[in-house]
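Data block below; observations after.
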Amino acid sequence: MRITPSAPQPIKNGSNITGTWEMRYASDAGGMPAMMELHRDDNKVSGTWSGPLGTDLPITGTWRNGYVELSFTGDWPQGSRQGAPGPVHAFVAGWIDGDTAKGRMRVEGRSDGTWVGKRKENLPLP
């Protein structure tokens, strides 16, 4: 095996999470599409989540130079292969790079996997 040095790919630390995001979560419980509408005020993130865990659920989190950690409470859907319906806590973490995003998502006690997102529209900055 030979390791050859290469130039790192640039990450746009000046990115912003503000906007509407279409996301796809792939996990051991199956996939789920969702929408997040997010706003950033300095290092605080707020907004809403809409998907199989609920509609217009309040989402909060933190922002650090392109890295985001979010959480929200929802309801596990009926008919899922990962247990009975009921309240759940979800955690989303990852990197925002321009109009794309990716990272890990965990629904406590139910599923763990990866997510990818694409900004649907830019909202004006405050």
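The values are calculated or read from the model by the stated rules, or taken from the named source; none is laboratory data. Predicted model, so just to flag it, every value in this text is computed and none were measured. Glycine also receives a Cβ, built like all others from the backbone with ideal geometry; neighbour counts cover every protein chain displayed.
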Test set (1) touching a Lys or Arg at 6+ places or on another chain (Cβ under 8 Å); (2) of a type in the set (Val, Ile, Thr); (3) surrounded by 15 or more Cβ atoms within 10 Å (Cβ to Cβ) - THR60 fails condition number: (3)
Only one of SER15, SER50, SER80 that is polar (S, T, N, Q), more than 17 Å from GLY113 (Cα to Cα) and not in a strand (DSSP E or B): SER15
Just to be sure, is SER6 modelled with pLDDT under 90 and either in a strand (DSSP E or B) or exposed (fewer than 13 other Cβ atoms within 10 Å of the Cβ) (or both)? yes
First in the range 21-42 and free of Cβ contacts under 8 Å to residues at least 12 places away in the same chain, second anywhere and surrounded by 22 or more Cβ atoms within 10 Å (Cβ to Cβ), Cβ under 8 Å, 6 or more apart: GLY31/TYR25
